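J.: My questions all concern the structure below.
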Amino acid sequence: MRVTASALPDVKLLEPRVFGDERGFFFESWNRRTLIDAGIDADFVQDNHSRSRQGVLRGLHYQVEHAQGKLVRVSEGEVFDVAVDLRRSSATFGKAIGVVLSAANKRMLWIPPGFAHGFLVTSEVAEFLYKATDYYHPEHERTLLWNDPALAIAWPLTGEPILAAKDAVGKPLADAEPYV
């Protein structure tokens, strides 16, 4: 597996070795030893799986307590996946990165604790999988405004996104609760 730092150095892009032939393919989607060797020492406690249709934008979510690190990937379709650094003490505070994750490219993204996360479905449907380092605590969940100009996220939209009510009223970075 090849692991490389993104423009936000703590966010890592993982590209597994894929073995394919006429029968299909095989790849390791998670290997603790490989991740530790790449500097990702994460203890995953929860797996999540969502299915969304084209145009659905989920996020940008984070938990102010019980911050979650996430290893994310797509098993069907394609998404534009985004991470935003919300660690006030970080040199990249308020910076965002977006990458295309798809069933075809089999890439994964490691988003450490202290980041907001979200994605936009760019294919007809997408199945999104993620491993989390802490449990979901709804009382600590916050939403960062997906289209805050301060974030300068170049969402590949073809129209208005389909949003959950909480995502439509997220807070701009200037009013968000950051991490220390």
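The values are calculated or read from the model by the stated rules, or taken from the named source; none is laboratory data. Worth saying up front: this structure is predicted, and the values here are computed from it rather than measured. Every residue, glycine among them, receives a Cβ derived from its backbone with ideal geometry; neighbour counts consider all protein chains shown.
J.: Give region 1-27 a look and list any residue that's more than 15 Å from the chain's Cα centre (by Cα), of a type in the set (S, T, N, Q) and crowded, with 16+ Cβ neighbours inside 10 Å, or say none.
T.: none
J.: Next up: Being touching a residue at least 60 places away in the same chain (Cβ under 8 Å), among the aliphatic types (A, V, I, L, M) and surrounded by 13 or more Cβ atoms within 10 Å (Cβ to Cβ) is the filter here, so list the residues in region 28-50 that pass it.
T.: Listed by number, the residues that qualify are L35, I40, A42.
J.: Let me ask something else about it. Could you tell me which numbered condition I40 fails, if it satisfies all but one of (1) of a type in the set (A, V, I, L, M); (2) closer than 20 Å to L144 by Cβ; (3) modelled with pLDDT under 95; (4) touching a Phe, Trp or Tyr at 6+ places or on another chain (Cβ under 6 Å)?
T.: So I40 meets the others, but not (2).
J.: Return yes when D148 is surrounded by 15 or more Cβ atoms within 10 Å (Cβ to Cβ), in a loop (DSSP other than H, G, I, E, B) and out of contact with any Asp or Glu (no Cβ under 6 Å at 6 or more places or on another chain) and no when it is not.
T.: So D148 passes the test.
J.: Are any of the residues in region 15-32 under 30 Å from A152 (Cα atoms) and charged (D, E, K, R)?
T.: Within region 15-32, one or more residues are under 30 Å from A152 (Cα atoms) and charged (D, E, K, R).
J.: Taking the conditions exactly as written (free of Cβ contacts under 8 Å to residues at least 40 places away in the same chain, crowded, with 20+ Cβ neighbours inside 10 Å and not basic (K, R)), does L101 satisfy them or not?
T.: It is true that L101 is free of Cβ contacts under 8 Å to residues at least 40 places away in the same chain, crowded, with 20+ Cβ neighbours inside 10 Å and not basic (K, R).
J.: Within region 51-72, is even one residue touching a Lys or Arg at 6+ places or on another chain (Cβ under 8 Å), buried (at least 19 other Cβ atoms within 10 Å of the Cβ) and farther than 21 Å from L163 by Cβ?
T.: Scanning region 51-72, I find at least one residue that is touching a Lys or Arg at 6+ places or on another chain (Cβ under 8 Å), buried (at least 19 other Cβ atoms within 10 Å of the Cβ) and farther than 21 Å from L163 by Cβ, so the answer is yes.
J.: Here is a follow-up. List every residue pair whose Cβ atoms lie under 7 Å apart, where the two residues are 6 or more positions apart in sequence or sit on different chains, the first residue falls within region 163-176 and is among the charged types (D, E, K, R), and the second residue, located anywhere, is part of a loop (DSSP other than H, G, I, E, B).
T.: Short answer, once both residue conditions are applied: D167/W146; K171/L145.
J.: If you don't mind, there's one more thing I want to ask. Those residues that are of a type in the set (A, V, I, L, M, F, W, C), assigned to a strand (DSSP E or B) and farther than 22 Å from H117 by Cα, I need them from region 1-28; list them, please.
T.: Within region 1-28, F19, F25, F26 meet the criteria.
J.: Further, regarding this structure: Does region 165-180 hold any residues that are assigned to a loop (DSSP other than H, G, I, E, B), surrounded by 13 or more Cβ atoms within 10 Å (Cβ to Cβ) and among the aliphatic types (A, V, I, L, M), and which are they?
T.: A176
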